[in-house]
Amino acid sequence: MADTYTPPVTGTGVKATIQRIGGHLAGMIMPNIGAFIAWGLITALFIPTGWLPNESLAQMVDPIIRILLPVLIAYTGGRMVHGQRGAVVGAVAVMGVVVGTESPMFLGAMIIGPLTALILKYVDKFTEQRTKAGFEMLVDNFSAGIVGGAMAIVGYYAIGPIVQAVTTGAGNAVEWLITNNLLPIASVLIEPAKVLFLNNAINHGVLSPLGVAEAAESGKSILFMLESNPGPGLGLLLAFLLFGPRAMRPTTPAAMIIHFFGGIHEIYFPYVLMKPRLILAVIAGGAAGVFTFMITGAGLVATPSPGSIFAYLAVTPKGGWLSSSLGILVATGVSFAIAAILLGFGRGEKAQPEEAETAQTTQKES
């Protein structure tokens, strides 16, 4: 099996640095996509609004998203920095973040996992030359335990609350835009927040309560559609399929099915993190979709959960399917067009095979 999940970044400068950071963030998610799919399937099937509602099996949904997925992300991030030892302390440290907050701490896991592994890496360098023969295992185990436990406390009292404050701030900003009738501009905050795995906090913490109140009065609410629109993600994945890095193109068809039909939007977030400039595509697609919903008078009667096209249409009021579908279609088209432009219509990917072929020809002639 391949160990490299993201294309390597070459060059220097601000652009390359941002791409490397995004690549590292994506590298913590991509190896765990299977776990996201498993959670998505359990959610889509067994929650009360799912296809096969089952109260007992639905109890797995919350522990998976609140505990298992953050632990896997932190474990993977720690392993990227300092191998197996880094993975273990990263998994230990993230428990402080998980226990200390109410929201799913994906962003917190992506911070504390690599950070704890980096600290242990420096500790190992310090103790390596100072440990007497025969005491290596004792020192290694205690140093890992001390670093992991200490960072779990730091996560509980510092990193978790900071990430929670960022989430709350983003939610407050979105709420301000909504109350001031600036719905399309809300995508400027919602889409980047989604990519940082704050989608559940924004949707269920801000948009859903406001939408429920509005739906109680008018029978439907556009607020249910702001974060859950699958169009921006679908357009991005289509652009990736046609014009993205060749190594990543084979992964996109499955991602599109999981995203659009399964409603697991988290599946496309790593693709944006790999190419951070693509955030502009999903912002534009989201804003275009919201604008379309506004002018067509679209709205839903409840939150589509999960955010699949099936769930979307299931909570669309009678006579509103055309406006809902049109908003998704417009969002998909705009996101695809801008993402294709930002990816250069695959010109860079086409140039690489040509250069390799030229190099091989030159070697044969020589």
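Tabulated data
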| quantity | calculated |
| --- | --- |
| Selection within region 233-268 - in contact with a Leu (Cβ under 8 Å, 6 or more places away or on another chain) and among the hydrophobic types (A, V, I, L, M, F, W, C) | Leu236, Ala239, Phe240, Phe243, Ala255, Met256, Phe260 |
| Failed item in (1) open to solvent by 40 Å² or more (accessible area, probe 1.4 Å); (2) in a helix (DSSP H, G or I); (3) without any contact (Cβ under 8 Å) to a residue 24 or more places away in the chain, with Val166 passing the rest | (3) |
| Residue match in region 202-210 (condition: outside any loop (DSSP other than H, G, I, E, B) and under 15 Å from the mean Cα position of the chain (by Cα)) | yes |
| Residue in region 230-243 that is surrounded by 24 or more Cβ atoms within 10 Å (Cβ to Cβ), at pLDDT below 90 and of a type outside the set (Ser, Thr, Tyr) present | no |
| Among the candidates Tyr268, Tyr312, residue that is closer than 20 Å to Ala340 by Cα, aromatic (Phe, Trp, Tyr) and either in contact (Cβ under 8 Å) with a residue 12 or more places away in the chain or out of contact with any strand residue (DSSP E or B) (no Cβ under 8 Å at 6 or more places or on another chain) (or both) | Tyr268 |
| In region 302-328, the residues that are under 22 Å from the mean Cα position of the chain (by Cα) and either among the hydroxyl-bearing types (Ser, Thr, Tyr) or open to solvent by 40 Å² or more (accessible area, probe 1.4 Å) (or both) | Thr303, Ser305, Ser308, Phe310, Tyr312 |
| Failed item in (1) open to solvent by 70 Å² or more (accessible area, probe 1.4 Å); (2) over 28 Å from Asp140 (Cβ atoms), with Arg79 passing the rest | (2) |
| Selection status of Ala109, more than 15 Å from Tyr75 (Cα to Cα), open to solvent by less than 30 Å² (accessible area, probe 1.4 Å), in contact with a Pro (Cβ under 9 Å, 6 or more places away or on another chain) and among the hydrophobic types (A, V, I, L, M, F, W, C) | no |
| Extreme residue, farthest from Phe261 (Cα to Cα), among residues of region 32-54 that are surrounded by fewer than 19 Cβ atoms within 10 Å (Cβ to Cβ) and touching a Phe, Trp or Tyr at 6+ places or on another chain (Cβ under 8 Å) | Asn54 |
| Qualifying positions in region 125-163 - more than 20 Å from Val94 (Cβ to Cβ) and in contact (Cβ under 8 Å) with a residue 24 or more places away in the chain | Asp140 |
| Identity of the residue in region 121-159, hydrophobic (A, V, I, L, M, F, W, C) and within 18 Å of Met105 (Cα to Cα), that ends up surrounded by the fewest Cβ atoms within 10 Å (Cβ to Cβ) | Ile153 |
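The values are calculated or read from the model by the stated rules, or taken from the named source; none is laboratory data. Everything numeric in this text was worked out from a predicted model, so none of it was measured. Ideal geometry is used to build each Cβ from the backbone, glycine not excepted, and the neighbour counts take in all protein chains shown. Each accessible area value is taken on the protein alone, full model and side chains, heavy atoms only, with ligands, DNA and RNA left out. Shrake-Rupley method; radii C 1.70, N 1.55, O 1.52, S 1.80 Å.
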